[in-house]
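Here the structure is laid out as structure tokens; the discussion comes afterwards.
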Amino acid sequence: MFYSHTIIAKKRPLGTVWITAHLERKIKKHQLNEIDVASYAECIMFPEVPIALRLSGHLLYGLVRIYSMKVKYLIQNCNRIVDDIRRVFTSVQVNLPGEADHAPFESLTLPSTFNLDAMELDYYPIK
């Protein structure tokens with residue numbers, strides 16, 4: 001073997017990455033929050049002791065799964081916050097009279113003939 005068993009021991013940081021690579025549902029959310037993907041990737045790419053290429057591939061795969069789970073949790077949190085914000089702003093009460101539920105037709109459409117001479121505009125001569 002090209003690695004020490006202590007590198008991927010269950011209680012070691014890379015052990016969590018190893019478990020994630022092989023058992024997707026074994027990792028908990030608080031364990032994900034403790035993992036710094038950049039520093040773990042550096043530990044995998046530049047190990048203190050030489051490790052096999054296959055092992056480094058498995059560890060990188062586990063790291064990609066961890067990153068994917070972190071992104072999934074981030075998207076869920078963002079969607080929940082957006083829903084909460086929408087719920088806050090949709091609960092605003094508007095007190096309109098009963099007949100004010102429709103706008104008048106004239107306020108939404110232009111007349112069929114548009115006559116500028118009929119409009120009362122202020123005249124400012126150009127000097």
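The values are calculated or read from the model by the stated rules, or taken from the named source; none is laboratory data. Note that the structure is a prediction, hence the values are computed from the model and not measured. FYI the Cβ positions are ideal-geometry reconstructions off the backbone, even for glycines, and counts take in every protein chain you see. For accessibility, only protein heavy atoms count, side chains too; no ligands or nucleic acids. Shrake-Rupley method; radii C 1.70, N 1.55, O 1.52, S 1.80 Å.
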GNM on the chain, C-alpha springs below 10 Å: top fluctuator among 97, 50, 13?
97
Quick check: the angle from helix 13-22's long axis to the longest principal axis of the chain, C-alpha only, nearest 10 degrees?
80
Expected max-MSF residue from 34, 99, 42 in the GNM of the chain (alpha carbon, under 10 Å) is 99
Nearest 10 degrees is fine. How inclined is helix 53-90 to the longest principal axis of the chain, computing both from alpha carbons?
30
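Taking the Cβ of residue 44 as the centre, find all other residues whose Cβ is under 13 Å away and add up their charges (Lys, Arg: +1; Asp, Glu: -1). Display every interim value, and only then the final one.
Values: positive: 12, 54; negative: 36, 42, 48.
Summing Lys/Arg as +1 and Asp/Glu as -1 gives -1.
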Averaged per residue, what accessible surface does the chain expose to a 1.4 Å probe, in Å²?
87
The correct ranking of 72, 28 by accessible area at 1.4 Å, largest first, is 28, 72
To the nearest whole percent, what portion of all C-alpha pairs in the stretch 18-125 is separated by more than 16 angstrom?
76
Just 112, 68, 39 to compare: in a GNM of the chain, with alpha carbon springs under 10 Å, which one fluctuates most?
112
With runs of 4+ DSSP H residues as the only contributors, calculate the mean residue ellipticity of the chain at 222 nm using -39,500 (n - 2.57) per run, divided by the residue total and rounded to the nearest 500.
-17000 deg cm²/dmol
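Of all the accessible heavy-atom surface of the chain, with the other protein chains kept in place and a 1.4 Å probe, what percent is carbon and sulfur? The partial results should precede the final answer.
Numbers: 6650 of 11100 Å².
The C+S portion of the solvent-accessible surface of the chain is 60 percent.
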